[in-house]
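The values are calculated or read from the model by the stated rules, or taken from the named source; none is laboratory data. All figures in this text were calculated on a predicted structure; none of them were measured in a lab. Because the Cβ atoms are built from the backbone with ideal geometry, glycine has one as well, and the counts that use them run over all protein chains shown. In case anyone asks, the SASA skips ligands and DNA or RNA and just uses the protein heavy atoms, side chains included. Shrake-Rupley method; radii C 1.70, N 1.55, O 1.52, S 1.80 Å.
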Amino acid sequence: AILKEEGVREPKGTVADLTEQVIIRLAEPNHAPLFIDEADKLVDKGMIELVREIQEGAQVPIILIGEEQLPQKLMKIERVHNRVLDWVAAQPCDLEDTRKLASLFCPNLSIDDETLEAMRRASDGRARRIVTNLYRAREFAATRGVKALASGGLLPEFYTGTPPSRSSRRAA
């Protein structure tokens, strides 16, 4: 997956060969840090040692992003845990974060701050849900031929992540 992100169309070879290719690419001067989301899954699958090997070989910063239990899981793997320089807990998105996400995912749609704040609250500050709501807003606006969404006007229903209750389903 890392090689594909680095532009290799169809990476082939043994795990050792692929790891060496990753190290060579990441070791290039001024290479950006490597971000790995859902790193806790790599720990669960016993693959985090490969990440340590890549970091050691390439000497590039690697930012591990994962669930709340990631630090506890890494503590059990001393060779990896010893290389962690800092632990930072994710914080909920604020209005400014929501504005930035809107500019990335809805660049041609104007959304006022009141609507963005309502979207942020409905999303519980979770970036993934905010993005889901931005996609909904973009589709909502496109199907209505509008270039702006504002509080007080017609808005899409915001996704909250809460599943519908049995009583909220329509009868057949």
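In terms of accessible area, using a 1.4 Å probe and ignoring ligands and nucleic acids, 14, 160 rank largest first as 14, 160. Restriction of the GluC sites (Glu not before Pro) in the stretch 18-79 to DSSP coil positions whose beta-carbon has at most 15 other beta-carbons within 10 angstrom yields 38, 67, 68.
Compute the angle between helix 113-122 and the longest alpha-carbon principal axis of the chain, please, reported from 0 to 90 degrees and rounded to the nearest 10. The helix 113-122 is inclined about 70 degrees to the chain. For the stretch 84-124, the Cβ-based charge dipole about the Cα centre amounts to some 140 debye (Lys, Arg positive; Asp, Glu negative; other atoms uncharged). In a simple Cβ point-charge model (Lys, Arg +1; Asp, Glu -1; nothing else charged), the chain has a dipole of about 840 debye relative to its Cα centre. Helix 127-144 versus the longest principal axis of the chain: what angle, 0 to 90°, nearest 10, using Cα atoms? On a 0 to 90 degree scale, this one is about 40.
For the Cα atoms of the chain, what angle does the longest principal axis make with the long axis of helix 95-105, in degrees from 0 to 90, nearest 10? Tilt of helix 95-105: around 80 degrees.
Amide H contacts for residue 110 (H built 1.01 Å from N in the peptide plane; partners 5 or more residues away or on another chain; cut-off under 5 Å): 148, 149. Counting only protein chain heavy atoms and rolling a 1.4 Å probe, the accessible areas of 140, 105 rank, largest first, as 105, 140. Relative contact order of the chain, taken over Cα pairs closer than 8 Å and 6 or more residues apart, is 15 percent. Pairs with C-alpha atoms separated by more than 24 Å, drawn from the list 4/73; 4/76; 41/100; 12/76; 45/100; 12/45, are 4/73; 4/76; 41/100; 12/76; 45/100.
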